[in-house]
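First the structure, in the form of structure tokens, and then the observations on it.
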Amino acid sequence: MSQSISPALTDRLQNSLLALRLGVFIVMFIWTMDKFVNPAHSIGVFDKFYGIGGSSHMITYLLGALQLLLVLAFVTGIKKRFTYGLIFLMHGGSTLSAFAKYADPFNSLLFFAAWPMWAACFALYLLRDADVKFTIK
């Protein structure tokens with residue numbers, strides 16, 4: 001049993017997926033730029049939330065460069081299975097690494113914004129084939 005999707009619904013779906021992709025990109029891009037603008041902050045985050053101490057500025061810059069390539073490929077829709085999947089996994093790791101913050105919700109309200117963004121990453125991954133507006137084929 002198959003149903004055809006109206007052009008109006010297809011257009012709304014594509015616009016919605018574009019909005020999700022751009023929203024996720026904005027956050028991921030700023031997190032990426034933080035590695036270049038304030039590497040000490042990123043080093044502190046690696047230590048506090050991931051238990052990776054002793055990182056250097058050079059490692060932070062290298063990770064930032066790799067993340068920048070991924071984020072740009074993501075926003076342009078290149079290799080969606082790979083890039084959307086990695087963005088979903090990266091954001092999931094970030095969301096779950098802050099799990100202790102969720103035990104004190106009223107002093108960690110901003111951390112809760114990670115959950116709907118992670119859901120957006122999941123939706124984008126699942127609907128990646130329909131996300132075609134302003135993507136590179």
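The values are calculated or read from the model by the stated rules, or taken from the named source; none is laboratory data. Note that the structure is a prediction, hence the values are computed from the model and not measured. Using ideal geometry, Cβ is built from the backbone for each residue, glycine included, and neighbour counts are taken over all protein chains shown.
Checking the stated criteria, Ser55 turns out to be out of contact with any Gly (no Cβ under 9 Å at 6 or more places or on another chain), modelled with pLDDT under 95, among the hydroxyl-bearing types (Ser, Thr, Tyr) and farther than 18 Å from Leu20 by Cα.
Of all the residues in segment 93-136, those that are among the small types (Gly, Ala, Ser), in a helix (DSSP H, G or I) and in contact with a helix residue (DSSP H, G or I) (Cβ under 6 Å, 6 or more places away or on another chain) number 3.
Taking segment 69-96 as the range and being polar (S, T, N, Q) and surrounded by fewer than 16 Cβ atoms within 10 Å (Cβ to Cβ) as the test, only Thr76 passes.
Entry remark, segment 24-46: residues being of a type outside the set (Phe, Trp, Tyr), within 21 Å of Gly77 (Cα to Cα) and surrounded by 15 or more Cβ atoms within 10 Å (Cβ to Cβ) number 4 in total. None of Thr32, Thr95, Thr76 is among the hydroxyl-bearing types (Ser, Thr, Tyr), modelled with pLDDT of 95 or more and in contact with a Leu (Cβ under 6 Å, 6 or more places away or on another chain) except Thr32.
Taken as a whole, the structure places Ala8 among residues that are without any contact (Cβ under 8 Å) to a residue 24 or more places away in the chain, within 21 Å of Val132 (Cα to Cα), exposed (fewer than 14 other Cβ atoms within 10 Å of the Cβ) and out of contact with any strand residue (DSSP E or B) (no Cβ under 6 Å at 6 or more places or on another chain).
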